[in-house]
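Asker: Here it is, the structure in full.
The values are calculated or read from the model by the stated rules, or taken from the named source; none is laboratory data. Note that this is a predicted model, so its numbers are computed, not measured. Don't worry about glycine lacking a Cβ; one is built from the backbone with ideal geometry, like all the others, and counts go over all protein chains shown.
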Amino acid sequence: MSKSVLLIIGGGIAAYKSLELIRLLKGRGIGVRAIMTKAAEEFVTPLSVASLSGEKVHSALFNLTDEVEMGHIELSRSADLVVVVPATADLMAKMAQGLASDLASTTLLATDKPVLIAPAMNVRMWLHAATRRNLATLKSDGIQVVGPNEGDMACGEFGPGRMAEPVEILNAIENLLSAAVKPLAGRKILITAGPTREPIDPVRYISNHSSGKQGYAIAEAAARMGADVTLVSGPVSLPKPFGVKVLDVQTADDMLAACEKALPVDVAIFAAAVADWKMAKPAAEKIKKSKPGETPSLSFVENPDILKTIATGNMRPQMVVGFAAETENVIDYAKIKLGKKSCDLIIANDVSEGVFGTNRNAVHLVSKSGVESWPEMSKAEVASRLLAHIAGLLK
């Protein structure tokens, strides 16, 4: 059965992001009904919301036609989840105090479904003592919160209060909608993602093209399935997954230290593209050009083997999964890596076809029992199937 969301759009400049959120939700097969506050209509039009959602937009509490067709009580309980985007300081205050002065606040008071809010406001409003009290009250009432992020404001200020991006809110919504299916509940999972950066000098580094998308998708899927997830991430340009503890690192040494600190865990999945080498001694100052045609001589040493270190350590997880990004002989090299690294499963893929940075992947699951090849699919689908496979093995 398909899931549905009741989207309450508040009156703030971030209201325009609600249109992208509706598009993303519909793309995932999630139904959307919308309520708009009067202030929200100053930023986006009901026609735009209705066109994207395919549903009538509700706004007036005392509308005879709306009450006959679908009263606000039924509207508040007809969806699987109520989402407030953006949750303005005014809406948060009304929710915290239990006020019911318009359709949005009345619906929020009448609902018996889970509620997720995405706050958005000026940094000073967000940090005000009244907003902090209201936020604490809402959290104690069981309201789920995504964001806000730190960044530039429409008012020209910088700081916390910028609304989470639509894809972040989508991740939070999917996490809450899948709350009933938790095959990894009670499991602790460590995941690595993205590239590492090994400094040459203060302004240059060695790295690779890894976007981190596959690792982040795995972290999101694991959280949705109920796992306690720690994501050790190299430098990427991706929103932090909802419900996941993220440890940001730069170098392979940093990543190994963060992984060891996260132990013990039940499962470790090493999706990061770790640089094989680092400078023996990074230059303390920027390396300058000398004579025309002359190039500097760089001396490298091997980086720590994070996968093998964890797989052969005293605190080895029950299951260790590695990734093999190859450009030739993909399965053969994956089989060799499986034995050399002492892991349980290798996820192999061919990166010669431009996989880095894209949203799709085709992988081979290589284990001692054989090879299972999956057709090309989205990285989100790969993540969900992989975690379901792991959950089955853990049983």
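Asker: Among the residues of the stretch 71-109, which ones are surrounded by fewer than 16 Cβ atoms within 10 Å (Cβ to Cβ), part of a helix (DSSP H, G or I) and either in contact with a helix residue (DSSP H, G or I) (Cβ under 7 Å, 6 or more places away or on another chain) or in contact (Cβ under 8 Å) with a residue 60 or more places away in the chain (or both)?
Answerer: Hit for the stretch 71-109 is 73, nothing else.
Asker: Here's another thing I want to ask about it. Does the stretch 265-281 hold any residues that are assigned to a loop (DSSP other than H, G, I, E, B), under 23 Å from residue 233 (Cα atoms) and either under 23 Å from the mean Cα position of the chain (by Cα) or aliphatic (A, V, I, L, M) (or both), and which are they?
Answerer: 265, 266, 271, 272, 274, 275, listed by residue number.
Asker: Quick one: is residue 317 in contact (Cβ under 8 Å) with a residue 60 or more places away in the chain and farther than 20 Å from residue 234 by Cα? It would help to see each step written out before you state the result.
Answerer: On the way: in contact (Cβ under 8 Å) with a residue 60 or more places away in the chain: yes; farther than 20 Å from residue 234 by Cα: yes.
Criteria met by residue 317.
Asker: For residues that are surrounded by fewer than 22 Cβ atoms within 10 Å (Cβ to Cβ) and out of contact with any helix residue (DSSP H, G or I) (no Cβ under 6 Å at 6 or more places or on another chain), scanning just the stretch 229-250, find the one that is farthest from residue 216 (Cα to Cα).
Answerer: Checked the stretch 229-250; the qualifying residue farthest from residue 216 (Cα to Cα) is 250.
Asker: Against the condition within 23 Å of residue 102 (Cα to Cα) and among the small types (Gly, Ala, Ser), how does residue 31 come out, does it pass?
Answerer: no
Asker: Here is a follow-up. Condition (residue is surrounded by 14 or more Cβ atoms within 10 Å (Cβ to Cβ), at pLDDT 75 or above, on the phi < 0 side of the Ramachandran plot and among the polar types (S, T, N, Q)) applied to the stretch 56-63: is it met by at least one residue?
Answerer: yes
Here is a yes/no grid of residues against (1) under 30 Å from residue 99 (Cα atoms); (2) touching a Cys at 6+ places or on another chain (Cβ under 8 Å); (3) free of Cβ contacts under 8 Å to residues at least 12 places away in the same chain:
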| site | (1), (2), (3) |
| --- | --- |
| 140 | yes, no, yes |
| 150 | yes, no, no |
| 158 | no, no, no |
| 161 | yes, no, no |
| 166 | yes, no, no |
| 192 | no, yes, no |
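Asker: Looking only at residues that are closer than 20 Å to residue 208 by Cα and more than 27 Å from the chain's Cα centre (by Cα) in the stretch 282-322, which one is modelled with the lowest pLDDT?
Answerer: Filtering the stretch 282-322 for residues that are closer than 20 Å to residue 208 by Cα and more than 27 Å from the chain's Cα centre (by Cα), the one modelled with the lowest pLDDT comes out as 298.
Asker: Scan the stretch 170-177 and tell me whether some residue there is farther than 19 Å from residue 359 by Cβ, touching a residue at least 60 places away in the same chain (Cβ under 8 Å), in contact with a Lys or Arg (Cβ under 8 Å, 6 or more places away or on another chain) and aliphatic (A, V, I, L, M).
Answerer: yes
Asker: Still on this structure, please answer the following. Touching a strand residue (DSSP E or B) at 6+ places or on another chain (Cβ under 9 Å), of a type in the set (A, V, I, L, M, F, W, C), outside any strand (DSSP E or B) and modelled with pLDDT under 90: which single residue out of 184, 176 fits that description?
Answerer: 176
Asker: May I pose another question? Search the stretch 337-391 for residues being assigned to a loop (DSSP other than H, G, I, E, B) and of a type in the set (Asp, Glu), and hand back the single one that is nearest to residue 315 (Cα to Cα).
Answerer: This residue is 344.
Asker: Is there a residue being closer than 22 Å to residue 23 by Cβ and acidic (Asp, Glu) anywhere in the stretch 150-171?
Answerer: Among the residues of the stretch 150-171, at least one is closer than 22 Å to residue 23 by Cβ and acidic (Asp, Glu), which makes the answer yes.
Asker: In the stretch 149-172, is there at least one residue being among the charged types (D, E, K, R), under 29 Å from residue 315 (Cα atoms) and either in a loop (DSSP other than H, G, I, E, B) or in contact with a His (Cβ under 6 Å, 6 or more places away or on another chain) (or both)?
Answerer: Quick first cut of the stretch 149-172, residues among the charged types (D, E, K, R) only: 150, 152, 157, 162, 165, 168.
Add one more test, that the residue is under 29 Å from residue 315 (Cα atoms), and what stays is none.
There is no residue in the stretch 149-172 that is among the charged types (D, E, K, R), under 29 Å from residue 315 (Cα atoms) and either in a loop (DSSP other than H, G, I, E, B) or in contact with a His (Cβ under 6 Å, 6 or more places away or on another chain) (or both).
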